[in-house]
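Undergrad: What follows is a single structure, and I will ask about it in a moment.
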């Protein structure tokens, strides 16, 4: 416990159970009853709240939170992004009459100490926060909610690696309370768990239609192979520009999505072709025009935009290749000089307050075109936003990530759901060079379940998660030759097991990260293998040089 000298007595707002009213339609009420029963019976059960964007999933689990508060117990809600807490908190306050207690990286240490003590004393009825809120010592947990449960932000890759969604399920079991996993695009692991018959089964509650009269937005694919932007004119196809113009003429709002920060992902010299690389990582430097700097998005290294090439000395020869959101914002301002624009990225909204200010401006109709990265895709409700334009739908489909197609579909489906959430019909345009890709076909047809079934079948054939388990072993050190030797030594020491296959070693996709060279081994195991025990047996018998660091990530989400 914290010293008494740090404790400042504070009154924590508690909703009046008699005044809590959550308005639900028939489908929402049916799902809410299942959750309320589990809360009232004080029993553990896991639920997937599966509803299309705009179906009112938040209102359903608000009803369960109300039941939890009436029972005098505490509720915990996990959100994937700090930026979501402000809008979520506003909805909570309107429903419950008091604000929730928020826990995330922007909360100051003095406030954290108060929340920590109030949690353990049972004085806070509800906490909403990022994944770290899971570790608060709440005295009497009656309900846990993981909103956007599919989101990769719930996996922590630095320091102690853990998947907050899975840890939340475990805590709900320990607390003997229900847990709600809410998503419009559930993870494949969660979908498969809904069909299992064992104690780990997740019960599925489906909300197939949008709340109110809003129909699902119409999704169209823009084939950039035939409908490319005019040469030198920018990165928005003529059809995208036309839809933006028509939307603005109707007095409605639009959103342009590109999941790439900065102005341009590659900077080079026009004279000699020199490319600007990070000195600490095997990665290119991204140009950020707002700050006039080149920056590495892996280690944080940055430098001013150079006035001459360090290789050939030519001045004013810096060429910026490819688009980032800042470049798209410039293009939009050039095309529509009278339109009010806003940029929502982790660079323009570094705190929850800054993100809330941008979101509030959109809600108040002070913004005509919102441009952003994945921060704009999750949970936002903008009634007058009717057009969503995806600048590059292919961006997440490459690389060696087994979840690449799943993640791309989830992200594009989520951002598509921001269009037409009130009484005005929505429209979505996705620019792509791969119109025949299964992700693009699924988005255009709206057949999510068929896409998920195909992905599940492919994973099952390859014994990949959730039908097998993976572990990533990353060795790193200052000297590449030493890391390679240690990786070979570790691989040769792997125990023989018919249910386990060890792949590698091989250079990690980002072979140099923060000044350290990296080699990776990937372990694939059957579900009946105790993978942590296998790893302990293996690594415990190997003595690595003190200069070599070994990081083990069971069930990895990051394959960099």
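Bear in mind that the values in this text are calculations on the coordinates, not laboratory data. All of these numbers come straight from a predicted model, not from anything done at the bench. With ideal geometry, Cβ positions are generated from the backbone for all residues, glycine too; neighbour counts draw on all protein chains shown.
Undergrad: Quick check for you: which residues of the range 500-521 have the amide N under 17 Å from the point 7 Å beyond the Cα of residue 549 toward its beta carbon?
TA: Only 508-521 pass the distance filter.
Undergrad: Quick check: Cα centre of the range 128-166 to Cα centre of the range 359-384, how many Å?
TA: Rounded to whole Å, the Cα centres lie 26 Å apart.
Undergrad: Quote to one decimal, in nm, the extra length available between residue 340 and residue 209 on full extension: 0.36 nm per residue of separation minus the C-alpha distance between them.
TA: Stretched out fully, the residue 340 to residue 209 stretch lengthens by 43.9 nm.
Undergrad: Which whole-number percent gives the relative contact order of the chain, counting Cα pairs below 8 Å spaced six or more residues apart?
TA: Reported as a whole number, the value is 14 percent.
Undergrad: A further question follows. For labels at residue 492 and residue 166 in the simple 7 Å Cα→Cβ model, what's the distance in nm?
TA: Modelled inter-label distance: 3.2 nm.
Undergrad: Can you give the calculated 222 nm mean residue ellipticity of the chain, where each DSSP H run of n ≥ 4 adds -39,500 (n - 2.57) and the sum is split over every residue, rounded to the nearest 500 deg cm²/dmol?
TA: So the helix-based figure for the chain works out to -9000 deg cm²/dmol.
Undergrad: Rank-order 321-331, 175-185 by packing density, defined as the average count of other C-beta atoms within 10 Å over each peptide's residues, highest first.
TA: Final packing ranking: 175-185, 321-331.
Undergrad: Order the peptides 294-302, 61-69 from the highest to the lowest mean number of other Cβ atoms within 10 Å of their residues.
TA: Final packing ranking: 61-69, 294-302.
Undergrad: For the pair residue 312 and residue 291, what calculated FRET efficiency results from E = 1/(1 + (r/R0)^6), where r is the Cβ-Cβ distance and R0 = 30 Å, to the nearest 0.05?
TA: Computed FRET efficiency for residue 291 and residue 312 comes out at 0.75.
Undergrad: Let me ask another. Evaluate the relative contact order of the range 138-229 (contact order divided by residue number), counting alpha-carbon pairs under 8 angstrom at least 6 apart; express in whole percent.
TA: It rounds to 26 percent for the range 138-229.
Undergrad: May I ask you to sort 424, 378, 57 by Cβ crowding, counting other Cβ atoms within 10 Å and putting the fewest first?
TA: With the fewest neighbours first, 424, 378, 57 line up as 424, 378, 57.
Undergrad: Do me a favour and compute the ellipsoid semi-axes for the chain from its Cα gyration tensor, root of five times each eigenvalue, largest one first, whole Å.
TA: For the chain, the semi-axes come out at 37, 34, 25 Å.
Undergrad: Sorted by mean Cβ packing within 10 Å, highest first, what order do the peptides 389-401, 151-163 take?
TA: So the order, starting with the most tightly packed, is 389-401, 151-163.
Undergrad: For the range 225-245 and the range 402-422, compute the distance between their C-alpha centroids and round to whole Å.
TA: Centre-to-centre distance over Cα atoms comes out at 22 Å.
Undergrad: Using every Cα-Cα pair within the range 247-390, state what percent have a distance larger than 19 Å.
TA: 55
Undergrad: Full-extension gain between residue 485 and residue 226, please, as 0.36 nm times their residue separation minus the C-alpha to C-alpha distance.
TA: Stretched fully, the residue 485-residue 226 segment lengthens by 88.3 nm.
Undergrad: Which whole-number percent gives the relative contact order of the range 468-554, counting Cα pairs below 8 Å spaced six or more residues apart?
TA: Here the relative contact order equals 47 percent.
Undergrad: Counting only DSSP beta bridges with both residues in the chain, tell me the antiparallel percent, nearest 5.
TA: 45
Undergrad: Okay, next question. What does a probe at residue 321 reach in the range 240-283, counting residues whose amide N is under 20 Å from the point 7 Å along Cα→Cβ?
TA: 259-283
Undergrad: A further question follows. I need the shape label for the range 36-185. Rule: rounded when a/c is under 1.5, else prolate if a/b > b/c, else oblate, with a, b, c from the alpha carbon gyration tensor.
TA: Judged from the Cα gyration tensor, the range 36-185 comes out rounded (a/c under 1.5).
Undergrad: Separate question: Rounded if a/c is under 1.5, else prolate if a/b beats b/c, else oblate: with a ≥ b ≥ c from the C-alpha gyration tensor eigenvalues square-rooted, which is the range 443-560?
TA: Since a/c reaches 1.5 but b/c is at least a/b, the shape of the range 443-560 is classed as oblate.
Undergrad: Would you mind computing, in nm to one decimal, how far apart the modelled labels at residue 250 and residue 350 are, each placed 7 Å from Cα along Cα→Cβ?
TA: Here the answer is 3.9 nm between the modelled labels.
Undergrad: While we're here: Just the number: Rg to Rh for the range 444-508, Cα atoms, Kirkwood Rh, two decimals.
TA: That ratio equals 1.19.
Undergrad: Could you list 553, 307 in order of exposure, starting from the residue whose Cβ has the fewest other Cβ atoms within 10 Å?
TA: The order, fewest Cβ neighbours first, is 307, 553.
Undergrad: Evaluate E = 1/(1 + (r/R0)^6) for residue 537 and residue 197, where r is the Cβ-Cβ distance and R0 equals 25 Å; express this FRET efficiency to the nearest 0.05.
TA: About 0.20, to the nearest 0.05.
Undergrad: At q = 0.18, 0.20, 0.31 Å⁻¹, work out log10 I(q)/I(0) for the range 229-282 with the Debye formula, treating every Cα as an identical point scatterer and leaving solvent out; two decimals please.
TA: Computed log10 I(q)/I(0) values: -0.82, -0.90, -1.19.
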